[in-house]
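Beneath this line is the structure, given in structure tokens, with notes to follow.
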Amino acid sequence: MAAPVDLELKKAFTELQAKVMDTQQKVKLADIQIEQLTKTKKHAHLTDTEVMMLVDETRMYEGVGRMFILQSKGVIHNQLLEKQRIAEEKIKELE
């Protein structure tokens, strides 16, 4: 009589362990993604800080693939702010 109950418990325990392992992997992946997004956000912030110190007449180029496109300081500034905002939103989703 005890054997069937033990088998059911063993099966349930094995399934629970599999769920725990899966959850731990998902948490690790989320932590890695949060760390990468934090780095991206910080990089964009530091770049924006440096860009804002330059005079408005400074020629700035945006890298697109294997070429560079001349952009105004305002456009570059807005792109960097957007990059920071998107990274912040994704971090909040992952947390």
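The values are calculated or read from the model by the stated rules, or taken from the named source; none is laboratory data. What you see is a predicted model; the values in this text were computed from it and never measured. When we count neighbours, we look across all protein chains shown, and the Cβ atoms used for this are built from the backbone with ideal geometry, even at glycine. Surface areas here come from the heavy atoms of the whole protein model, side chains and all, with no ligands, DNA or RNA. Shrake-Rupley method; radii C 1.70, N 1.55, O 1.52, S 1.80 Å.
What to note about this one:
- Scanning region 1-50 for residues that are in contact (Cβ under 8 Å) with a residue 12 or more places away in the chain and not small (G, A, S) yields Q33, I34, L37, T38, T40, K41, H45, T47, D48.
- Selection within region 64-73 - in a loop (DSSP other than H, G, I, E, B) and open to solvent by 100 Å² or more (accessible area, probe 1.4 Å): R66
- Condition check for I76: outside any helix (DSSP H, G or I), open to solvent by less than 80 Å² (accessible area, probe 1.4 Å) and modelled with pLDDT of 90 or more: no
- Residues that are open to solvent by less than 70 Å² (accessible area, probe 1.4 Å) and either assigned to a loop (DSSP other than H, G, I, E, B) or of a type in the set (G, A, S) (or both), drawn from region 19-63: A30, A44, T58, G63
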